[in-house]
Amino acid sequence: MNEDSYITKKGAIAIAIILIALIIFSLIFYRTRRTGNYAVIFHYGKVTGSYPLGLNREIRIKDKKGRLTNIVCIKNGYVYMKEANCPDKICIHQGKKSKVSETITCLPNRVVVEVKGREMGSFDTMTH
């Protein structure tokens, strides 16, 4: 190699090893995350309900004026945003979630769905 090279051969090998290690770590971390037991729905920052992922259902979320804004669907152990009246629909495109700490967020409607792993307790749902 000539002296004008920005990365030496040893430097390139070190970068490759670091990248491979990061990829392996990421794959292990992603595959070993625990599957959640239930989903918690927050609306305007307050918990509006906790729902087991093992029970298929649809949860309708309304704004302060009583208009339907979002429909959260729980089906076959996954939770996802089925419908939303927000302009960009990013929350719908976030896909199905089932792993602990995964979230679905609808910023315009102030709705957050988070997958949890602990036991829900003795209640099935909680509404305000």
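The values are calculated or read from the model by the stated rules, or taken from the named source; none is laboratory data. None of the values given here were measured: they were computed from a predicted structure. Glycine also receives a Cβ, built like all others from the backbone with ideal geometry; neighbour counts cover every protein chain displayed.
Among residues belonging to region 55-108 that are assigned to a loop (DSSP other than H, G, I, E, B) and acidic (Asp, Glu), point out the one that is surrounded by the most Cβ atoms within 10 Å (Cβ to Cβ).
Step one: filter region 55-108 for residues assigned to a loop (DSSP other than H, G, I, E, B), giving 55-56, 63-67, 76-77, 85-89, 94-96, 98, 100-102, 107-108.
Adding the requirement that they be acidic (Asp, Glu) leaves 63, 88, 102.
Details: Asp63: 15, Asp88: 11, Glu102: 19.
Checked region 55-108; the qualifying residue surrounded by the most Cβ atoms within 10 Å (Cβ to Cβ) is Glu102.
Taking region 109-122 as the search range and keeping residues that are among the charged types (D, E, K, R), over 17 Å from Leu68 (Cα atoms) and surrounded by 14 or more Cβ atoms within 10 Å (Cβ to Cβ), which one is farthest from the chain's Cα centre (by Cα)? Even if it seems obvious, please write down each step before you answer.
Filtering region 109-122 for residues among the charged types (D, E, K, R) gives 110, 114, 116, 118-119.
If we keep only those that are over 17 Å from Leu68 (Cα atoms) too, we end up with 114, 116, 118-119.
Going one step further and asking which of them are surrounded by 14 or more Cβ atoms within 10 Å (Cβ to Cβ), we end up with 114, 116.
Numbers: Glu114: 6, Lys116: 10 Å.
For region 109-122, the residue satisfying everything is Lys116.
Residues in region 109-124 that are assigned to a loop (DSSP other than H, G, I, E, B) and either at pLDDT 95 or above or closer than 15 Å to Thr48 by Cα (or both): Asn109, Arg110, Met120, Phe123, Asp124. Of the residues making up region 1-54, those that are part of a strand (DSSP E or B) and more than 25 Å from Asn109 (Cα to Cα) number 1.
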